[in-house]
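The values are calculated or read from the model by the stated rules, or taken from the named source; none is laboratory data. No experiment lies behind these values; they were computed from the predicted model shown. Counting neighbours? That spans all protein chains shown, and the Cβs are built from the backbone with ideal geometry, glycine included. Just the protein is used for accessible areas: all its heavy atoms, side chains included, with ligands, DNA and RNA removed. Shrake-Rupley method; radii C 1.70, N 1.55, O 1.52, S 1.80 Å.
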Amino acid sequence: MTAWQRLRTLVDGPLRLPGDPGFEQAGMPVNRRFATTRPAAVLSVAHPADVARAVEWARAASLDLAVRGGGHSVPGYSTSAGLVLDLRGLAGIRYDPDTGQVTVGGGTSMKALYAGLRPYGVTFPLGNSDTVGIGGLTLGGGVTTISRAHGLTCDALVSTDVVLADGSTVTASADRHPDLFWACRGGGGGNFGVNTAFTFQTRPAVPGSTCLVLWTWPHAVAVLSVMQQIMLAAPDEFSARIGVARTSDGEAVVSVLGYHLGPAEQLRELMAPAFATARPYRADITDHNFWQAATLLRHSSPDGAFAARNRCVPHADDVDRLPVLVDAVRRWPGGGSPGGAGAALFAWGGAISRVPVADTAFPHRDTRFLLSLDTSWMRHDPPEVVRANLDWLHEHYDACADFAPDASYVNFTDPDLDGWQRAYYGPHADRLAEIKARYDPDRFFTFPQAV
């Protein structure tokens, strides 16, 4: 009996080897930049016991194991040349109306969560991409469209079931394994075990309003400047993504995509200073119920390959430095992907900042904006195009060093980040390393930026 045959006898979920039907789809990362990393096998688990058995088997076989939820790891850490543990079969949703708590499987997607919670009229901070998995979102913190009003995804976490490196399972909460629970609230996915279930405290899903506002390129600096001031003064109920971007056909656009837990009339008032600064060529501001808004705010990852870098900004950018950001996007070298390239400022603050930094492993409570830089290309683009895109991204990132510190959001994982331990985890890096040593002393769960 081969090692793979032995594993098949231990689990109920399908084990796929190269050439088996469904292998490519089960192991393919969302970022096609890493599509050449081919797993030795992919196990699509049927239940938590499959996870425990696979961990024990891989440890005994001295085989690398990567955990895949949604597969959205920017640097492809959700795949490997060893065994990929595909958690998407762990997708159950159980709501308790007496407590308002919902328990979900560790591989549950955002699309399934929105659909599962809608009949009950409740929600908690969820991502806005259908295929993002709840595990990665939560474990890295989870900054979402309602986080300024209701905090991070991990702030709503009540408990989580974790398969440890020895194959045992524990439930971590404020009362049980509190150090592990603390680490699971912002300490990054894949570091301490395999999270097979999460329980969250929900809240009513209230109606609100959305805005999509577009300006032409000459207004980029003025819009970026005024929108930052708007968001610094905005009520917690209003969140926004402020972007400048170029597409593969050369089109350049300045945009604000926003969500307000209040009526469109209030949202128009909040946006009035931006309209007075520069007249947009499109301004859609509309009332919606919560579920309609979630659909409108849905985000899709670029087709093909992409790369991204980010910086946590504790203040608004000085208007004198904004032209550096805008000019960098203008000089994007181009590529075949329709996704193009750009820079975005995600407004943070509000309820995110009101949680004491020591309460969770998420360290960036004082961040006011997350600056995200991205570029994309197609796999058929020639190597010189890929190189030009990556050179552009690194130059762009370095040019922002003067107004953004070397702090980064772990859920926008950056494989080129120097000093990533402190950048991702700040003052919590040493404590996370101690918890790692306690729960995974042999570092069975590892990848290039593992704690």
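When PRO75 is tested against the conditions (1) open to solvent by less than 50 Å² (accessible area, probe 1.4 Å); (2) part of a loop (DSSP other than H, G, I, E, B); (3) closer than 15 Å to ALA40 by Cβ; (4) in contact with an Asp or Glu (Cβ under 8 Å, 6 or more places away or on another chain), the lone failure is (3). Any idea which residue in segment 394-415 is nearest to ARG365 (Cα to Cα), counting only those that are of a type in the set (D, E, K, R) and outside any loop (DSSP other than H, G, I, E, B)? My answer is ASP398. Against the condition assigned to a strand (DSSP E or B), of a type in the set (D, E, K, R) and in contact (Cβ under 8 Å) with a residue 24 or more places away in the chain, how does ASP303 come out, does it pass? When the stated conditions are applied, ASP303 does not pass them.
Taking the criterion of being small (Gly, Ala, Ser) and touching a residue at least 24 places away in the same chain (Cβ under 8 Å), the residues of segment 174-203 that qualify are ALA183, GLY186, GLY187, GLY188, GLY189, GLY190, GLY193, ALA197.
Screening ALA35 on (1) farther than 27 Å from ALA197 by Cβ; (2) open to solvent by less than 40 Å² (accessible area, probe 1.4 Å); (3) without any contact (Cβ under 8 Å) to a residue 24 or more places away in the chain shows it passes everything except condition (3). Being in contact with a helix residue (DSSP H, G or I) (Cβ under 7 Å, 6 or more places away or on another chain) and under 20 Å from GLY188 (Cα atoms) holds for only one residue in GLY141, GLY105, GLY135, and it is GLY141. Filtered by the rule that a residue be open to solvent by 70 Å² or more (accessible area, probe 1.4 Å) and in a helix (DSSP H, G or I), segment 416-431 gives GLN421, ARG422, PRO427, ASP430, ARG431. Residue check, SER78 against (1) modelled with pLDDT of 95 or more; (2) of a type in the set (Ser, Thr, Tyr); (3) under 30 Å from PHE306 (Cα atoms), all met but one. Which one? Going through the list (1) modelled with pLDDT of 95 or more; (2) of a type in the set (Ser, Thr, Tyr); (3) under 30 Å from PHE306 (Cα atoms), SER78 breaks only (1).
Regarding PRO263, is this residue more than 29 Å from LYS111 (Cβ to Cβ) and either acidic (Asp, Glu) or touching a residue at least 40 places away in the same chain (Cβ under 8 Å) (or both)? So PRO263 does not fit the description; no. Residue check: is ALA361 hydrophobic (A, V, I, L, M, F, W, C) and not in a strand (DSSP E or B)? Taking the combined requirement at face value, the residue satisfies it. Within segment 189-247, the set of residues being open to solvent by less than 40 Å² (accessible area, probe 1.4 Å), hydrophobic (A, V, I, L, M, F, W, C) and part of a loop (DSSP other than H, G, I, E, B) comprises PHE192, ALA205, ALA234. The conditions of being within 22 Å of THR131 (Cα to Cα), open to solvent by 10 Å² or more (accessible area, probe 1.4 Å) and not small (Gly, Ala, Ser) are met by HIS299.
A count restricted to segment 48-72 and to residues that are closer than 18 Å to ALA35 by Cβ and out of contact with any strand residue (DSSP E or B) (no Cβ under 9 Å at 6 or more places or on another chain) stands at 0. Just for segment 1-59: of the residues that are part of a strand (DSSP E or B) and out of contact with any Asp or Glu (no Cβ under 8 Å at 6 or more places or on another chain), which one is nearest to PRO415 (Cα to Cα)? Among those residues, the one meeting the criterion is ALA41. Is it the case that GLY339 is surrounded by 20 or more Cβ atoms within 10 Å (Cβ to Cβ), at positive phi and more than 17 Å from the chain's Cα centre (by Cα)? No, not satisfied.
Of all the listed residues (LEU83, LEU17), the sole one being exposed (fewer than 15 other Cβ atoms within 10 Å of the Cβ) and modelled with pLDDT of 90 or more is LEU17.
So that you can scan it fast, the table gives a plain yes or no per residue for (1) over 18 Å from GLY89 (Cβ atoms); (2) of a type in the set (Phe, Trp, Tyr); (3) open to solvent by less than 50 Å² (accessible area, probe 1.4 Å):
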residue: LEU7; (1), (2), (3): no, no, yes
residue: ASP12; (1), (2), (3): no, no, no
residue: PRO21; (1), (2), (3): no, no, no
residue: GLU24; (1), (2), (3): no, no, no
residue: GLY27; (1), (2), (3): no, no, yes
residue: ALA40; (1), (2), (3): yes, no, yes
residue: LEU43; (1), (2), (3): no, no, yes
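Looking at segment 100-182, the helices (runs of 4 or more DSSP H) lying wholly inside it that each contain 3 or more residues that are at pLDDT 95 or above and crowded, with 24+ Cβ neighbours inside 10 Å sit at 134-139. Every listed requirement among (1) under 28 Å from PRO75 (Cβ atoms); (2) in a loop (DSSP other than H, G, I, E, B); (3) open to solvent by less than 60 Å² (accessible area, probe 1.4 Å) is met by GLY262 save one, (1).
Taking only segment 377-412 into account, find how many residues are modelled with pLDDT under 95 and hydroxyl-bearing (Ser, Thr, Tyr). Selection size over segment 377-412: 1. Based on what the data block shows, is TRP420 out of contact with any Gly (no Cβ under 6 Å at 6 or more places or on another chain) and under 26 Å from GLY334 (Cα atoms)? So TRP420 does not fit the description; no. For segment 342-398, the set of residues classified as buried (at least 20 other Cβ atoms within 10 Å of the Cβ) and β-branched (Val, Ile, Thr) consists of ILE352, THR360, THR367, THR375, listed by residue number. Within segment 86-99, the residues that satisfy the criterion of being in contact with a strand residue (DSSP E or B) (Cβ under 6 Å, 6 or more places away or on another chain), open to solvent by 20 Å² or more (accessible area, probe 1.4 Å) and in a strand (DSSP E or B) are ILE93, ARG94, TYR95.
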